[in-house]
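Following: one structure in C-alpha coordinates, then a few remarks.
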Amino acid sequence: MNIEQLTIIFLIAVFAAAEIYRATRGMRGSIIAVNDSGYGELLPVTSVKIRLDRGDLVDASLNCCTACLGKLRIGDEVRVCSSRDGYVVDLPWFRRGNCASGPDRENPSCKIHP
(Lines give C-alpha, C1' and ligand atoms only; values in the text may rest on other atoms or scores of the structure.)
Protein backbone atom coordinates (compact mmCIF):
# COMPACT_ATOMS: atom_id res chain seq x y z
CA MET A 1 0.00 0.00 0.00
CA ASN A 2 1.45 3.36 -1.01
CA ILE A 3 0.80 6.89 0.26
CA GLU A 4 -1.79 7.67 -2.44
CA GLN A 5 -3.97 4.70 -1.47
CA LEU A 6 -3.72 5.61 2.22
CA THR A 7 -4.71 9.18 1.40
CA ILE A 8 -7.75 8.06 -0.57
CA ILE A 9 -8.86 5.72 2.22
CA PHE A 10 -8.37 8.50 4.79
CA LEU A 11 -10.39 11.02 2.75
CA ILE A 12 -13.25 8.57 2.18
CA ALA A 13 -13.34 7.74 5.91
CA VAL A 14 -13.42 11.44 6.87
CA PHE A 15 -16.18 12.15 4.33
CA ALA A 16 -18.26 9.19 5.54
CA ALA A 17 -17.83 10.19 9.20
CA ALA A 18 -18.84 13.79 8.45
CA GLU A 19 -21.96 12.73 6.55
CA ILE A 20 -23.00 10.28 9.28
CA TYR A 21 -22.54 13.05 11.86
CA ARG A 22 -24.65 15.48 9.79
CA ALA A 23 -27.34 12.87 9.15
CA THR A 24 -27.76 12.10 12.84
CA ARG A 25 -27.95 15.81 13.78
CA GLY A 26 -30.39 16.76 11.04
CA MET A 27 -34.16 16.90 11.35
CA ARG A 28 -36.57 16.32 8.50
CA GLY A 29 -39.17 18.87 7.54
CA SER A 30 -40.85 20.50 4.59
CA ILE A 31 -40.75 24.01 3.18
CA ILE A 32 -43.99 25.87 3.82
CA ALA A 33 -43.03 29.45 2.90
CA VAL A 34 -40.27 31.51 1.34
CA ASN A 35 -39.72 34.90 2.92
CA ASP A 36 -39.49 37.24 -0.08
CA SER A 37 -36.78 39.87 0.15
CA GLY A 38 -38.52 42.09 -2.38
CA TYR A 39 -35.52 42.28 -4.71
CA GLY A 40 -37.03 40.00 -7.36
CA GLU A 41 -33.92 37.86 -7.58
CA LEU A 42 -32.53 34.95 -5.66
CA LEU A 43 -30.00 36.15 -3.10
CA PRO A 44 -27.10 33.96 -1.92
CA VAL A 45 -29.07 33.06 1.21
CA THR A 46 -32.87 33.12 1.44
CA SER A 47 -34.94 32.83 4.59
CA VAL A 48 -37.56 30.05 4.51
CA LYS A 49 -40.13 28.74 6.97
CA ILE A 50 -39.91 25.00 7.66
CA ARG A 51 -42.43 22.69 9.33
CA LEU A 52 -40.46 19.96 11.07
CA ASP A 53 -41.81 16.41 11.19
CA ARG A 54 -42.41 16.83 14.92
CA GLY A 55 -44.71 19.80 14.16
CA ASP A 56 -42.54 22.81 15.05
CA LEU A 57 -42.24 25.82 12.74
CA VAL A 58 -38.72 27.23 12.35
CA ASP A 59 -37.09 29.93 10.25
CA ALA A 60 -34.08 28.62 8.36
CA SER A 61 -31.48 29.82 5.86
CA LEU A 62 -31.52 28.31 2.38
CA ASN A 63 -28.43 28.67 0.21
CA CYS A 64 -29.22 29.46 -3.44
CA CYS A 65 -26.93 26.62 -4.60
CA THR A 66 -28.85 24.12 -2.45
CA ALA A 67 -32.18 25.42 -3.76
CA CYS A 68 -31.06 25.11 -7.37
CA LEU A 69 -29.38 21.72 -6.96
CA GLY A 70 -32.45 20.23 -5.29
CA LYS A 71 -34.94 22.17 -7.44
CA LEU A 72 -36.66 23.05 -4.18
CA ARG A 73 -40.20 24.38 -4.05
CA ILE A 74 -42.80 24.89 -1.36
CA GLY A 75 -43.84 21.48 -0.03
CA ASP A 76 -40.52 19.74 -0.73
CA GLU A 77 -38.87 17.65 1.94
CA VAL A 78 -35.56 18.94 3.30
CA ARG A 79 -33.11 18.25 6.10
CA VAL A 80 -32.64 21.02 8.66
CA CYS A 81 -29.53 21.30 10.83
CA SER A 82 -29.10 23.55 13.82
CA SER A 83 -25.93 25.64 13.66
CA ARG A 84 -24.51 28.57 15.58
CA ASP A 85 -26.09 30.87 12.97
CA GLY A 86 -29.57 29.32 13.34
CA TYR A 87 -31.18 26.60 11.28
CA VAL A 88 -29.73 25.72 7.87
CA VAL A 89 -31.53 23.84 5.09
CA ASP A 90 -29.78 20.93 3.40
CA LEU A 91 -30.84 18.26 0.94
CA PRO A 92 -31.65 14.83 2.37
CA TRP A 93 -29.74 11.86 1.02
CA PHE A 94 -32.99 10.01 0.34
CA ARG A 95 -36.38 11.66 -0.01
CA ARG A 96 -39.38 9.89 1.39
CA GLY A 97 -42.51 9.76 -0.71
CA ASN A 98 -44.97 12.45 0.39
CA CYS A 99 -47.59 11.24 -2.08
CA ALA A 100 -49.06 8.38 -0.05
CA SER A 101 -52.45 10.08 0.26
CA GLY A 102 -52.77 10.71 -3.47
CA PRO A 103 -51.75 13.44 -5.90
CA ASP A 104 -51.01 16.86 -4.49
CA ARG A 105 -51.75 19.89 -6.69
CA GLU A 106 -48.94 22.00 -5.22
CA ASN A 107 -46.25 19.32 -5.43
CA PRO A 108 -45.62 18.39 -9.08
CA SER A 109 -43.71 15.24 -8.14
CA CYS A 110 -46.98 13.78 -6.75
CA LYS A 111 -48.91 13.91 -10.03
CA ILE A 112 -50.17 10.68 -11.49
CA HIS A 113 -48.69 10.08 -14.93
CA PRO A 114 -50.77 8.08 -17.47
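The values are calculated or read from the model by the stated rules, or taken from the named source; none is laboratory data. None of the values given here were measured: they were computed from a predicted structure. Side chains included, ligands, DNA and RNA excluded: accessible areas come from the protein's heavy atoms. Shrake-Rupley method; radii C 1.70, N 1.55, O 1.52, S 1.80 Å.
Between segment 1-36 and segment 43-60, what is the C-alpha centre distance in whole Å?
21
Could you work out what % of the accessible surface of segment 1-96 is carbon and sulfur, using a 1.4 angstrom probe and leaving DNA, RNA and ligands out of the count?
Of all accessible area on segment 1-96, carbon and sulfur atoms account for 61 percent.
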